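Chemist: Structure in structure tokens, see below.
Every read-out reported here was derived from the displayed coordinates using simple, explicitly stated rules and does not represent laboratory data. Just so it is clear, the structure is predicted and the values come from calculations on it, not from any experiment. Counting neighbours? That spans all protein chains shown, and the Cβs are built from the backbone with ideal geometry, glycine included.
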Amino acid sequence: GALPISPLSKQIDDRVIDHYSRVVVKDMNKWGVCAMNDFLGPEKGSLVLDEVLNMYSAGLFRDGQLVSQRGGAGDLRRAIRGDQITWLDGKEKECPNIGLLISQVDAIILRANKMLSNGKMGQYTINGRTKAMVACYPGNGSRYVKHVDNPNHDGRCVTAIYYLNRDWNVEQDGGLLRIFPEGWKDSVANIEPIFDRILFFWSDRRNPHEVQPAYRTRYAITLWYFDADERNMACQRYQQERKLSQSKNT
Ligand SMILES: O=C(O)CCC(=O)Nc1cc2ccccc2cn1
Ligand SMILES: [Mn+2]
């Protein structure tokens, strides 16, 4: 279900949020993609990384599932997406710094949603988000084949990814995120998953993307934000389909 976007928490400096929101709105409306470095700063970024490493060593991550059943067997699944994941709502007492990261991204999205350029982020009214998905590519060549996050109007409009990988060298370590933005003709966006970088992009068919094989453990935290109308429609469709399939089964 959709989690409410947490209101601005006291620790977050309002001017900082304002600055980031302006950059996000400008880049998203112009390019559909926005990357910003040094998002939390080295201290807070390290605290977030430590919490992720603690969860990983506690064995809380599971193999990412595939939408279609075809990838049942481990090998085929790993060939399609090799990530291991865990989901957080951001209020867990074991990871307060991940919670702070999430409320900072929420604050930026909330503010961006109210900004100029026809009063919203793109033409969306963002009113909620998924839980945070913490992902790890174990570095054995694990990858994620080219895909679209939201190909069928499930309500998700913005993907936000925070990267945690210190001293990442794409030539040796791989793990490049390559986005093929629809409006960019033949050029692509090559995003290195470097420590304390945050990335936003439209979740729909405008931004097919892939994670190239990673040869070192690669961590990231992803949030998906919902557009109110698209999400309501998707839930209604889902309810209809459930009723239909139940009536068929009876
Ligand atoms: O880590 C990155 O740079 C991006 C990785 C990525 O695209 N992950 C991802 C993970 C997903 C998990 C479930 C459903 C859809 C999903 C779509 N994308
Ligand atoms: Mn994706």
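Chemist: For the stretch 90-232, how big is the tail of P(r) above 26 Å, as a whole percent of Cα pairs?
Modeler: 27
Chemist: Now for a separate question. Could you list log10 I(q)/I(0) for the stretch 174-250 at q = 0.20, 0.24 Å⁻¹, which the Debye formula gives when each Cα is one point scatterer?
Modeler: Debye curve over Cα of the stretch 174-250, log10 I(q)/I(0) at q = 0.20, 0.24 Å⁻¹: -0.94, -1.14.
Chemist: Neighbouring Cβ atoms within 10 Å as the yardstick, rank Glu192, Glu51 fewest first. Spell out each step's value before the answer.
Modeler: On the way: Glu192 15, Glu51 22.
Lowest to highest Cβ neighbour count: Glu192, Glu51.
Chemist: Then there's this: Toward the positive end of the charge dipole of the chain, about the Cα centre and with charges on Cβ (Lys, Arg +1; Asp, Glu -1), which of Pro213, Gly99, Tyr124 goes farthest?
Modeler: After comparing all options, I get Tyr124.
Chemist: If you line up the Cα atoms of the chain on their principal axes, what length do they span on each, largest first, in Å?
Modeler: 58, 46, 45 Å, listed from the longest principal axis down.
Chemist: From the phi angles alone, apply the Karplus equation (6.51, -1.76, 1.60; θ = phi - 60°) to the stretch 142-154 and give each ³J(HN,Hα) in whole Hz, x where the residue is Gly or Pro.
Modeler: Values, residue by residue: 5, 8, 9, 5, 4, 7, 10, 5, 10, x, 10, 6, 7 Hz.
Chemist: Which ³J(HN,Hα) values in Hz, rounded to whole numbers, follow from the phi angles of the stretch 199-211 under the Karplus curve 6.51 cos²θ - 1.76 cosθ + 1.60, where θ = phi - 60° and Gly and Pro get x?
Modeler: Values, residue by residue: 10, 10, 7, 4, 7, 8, 5, 5, 10, x, 7, 9, 9 Hz.
Chemist: Using the count of nearby Cβ atoms within 10 Å as a rough guide to exposure, how do Lys185, Lys44 rank from fewest to most? All intermediate terms of the calculation are to be shown ahead of the outcome.
Modeler: Details: Lys185 6, Lys44 16.
Fewest-to-most Cβ neighbours within 10 Å comes out as Lys185, Lys44.
Chemist: Cut-off is 10 Å between beta-carbons; in what order do Ser142, Ser245, Ser103 appear when sorted fewest neighbours first?
Modeler: Values: Ser142 23, Ser245 9, Ser103 20.
So the residues, fewest neighbours to most, are Ser245, Ser103, Ser142.
Chemist: Towards the positive end of the charge dipole of the chain, with charges on Cβ (+1 Lys, Arg; -1 Asp, Glu), say which of Pro42, Leu177, Gly64 has the farthest Cα.
Modeler: Towards the positive end, the residue furthest out is Gly64.
Chemist: How much length, in nm to one decimal, is gained on full extension between Val23 and Ala79, taken as 0.36 nm per residue of separation minus their Cα-Cα distance?
Modeler: On the way: separation 56, 0.36 × 56 = 20.16 nm, distance 3.59 nm.
Difference between extended and current length: 16.6 nm.
Chemist: Apply the membrane-span-like helix rule to the chain: whole DSSP H runs, Cα extent along the own long axis of at least 15 Å, mean Kyte-Doolittle hydropathy at least 1.6. List the helices found. Please list the in-between numbers first.
Modeler: Working: long enough: 14-30 (24 Å, -0.76); 42-57 (22 Å, -0.07); 96-113 (25 Å, 0.88); 228-249 (31 Å, -2.00).
None pass (Cα extent of 15 Å or more, hydropathy at least 1.6).
Chemist: Now a separate question. Which FRET efficiency value, to the nearest 0.05, do you get for Lys30 and Leu60 by plugging their Cβ-Cβ distance into 1/(1 + (r/R0)^6) with R0 = 30 Å? Write down the numbers at each step before the final one.
Modeler: Numbers: r = 38 Å, r/R0 = 1.28.
The formula returns an efficiency of 0.20 here.
Chemist: So if I place +1 on the C-beta of Lys and Arg and -1 on the C-beta of Asp and Glu, and nothing else carries charge, what would the dipole magnitude of the chain be about its Cα centre? I want it in debye, nearest 20. Don't skip to the end; give the middle numbers.
Modeler: Working: 34 positive and 30 negative charges, 164 e Å.
Computed charge dipole of the chain: roughly 780 debye.
Chemist: Now, a different point. What is the mean projected area of the alpha carbon convex hull for the stretch 135-177, to one decimal in square nanometres? All intermediate terms of the calculation are to be shown ahead of the outcome.
Modeler: On the way: hull surface 16.0 nm².
Average projection, Cα convex hull of the stretch 135-177: 4.0 nm².
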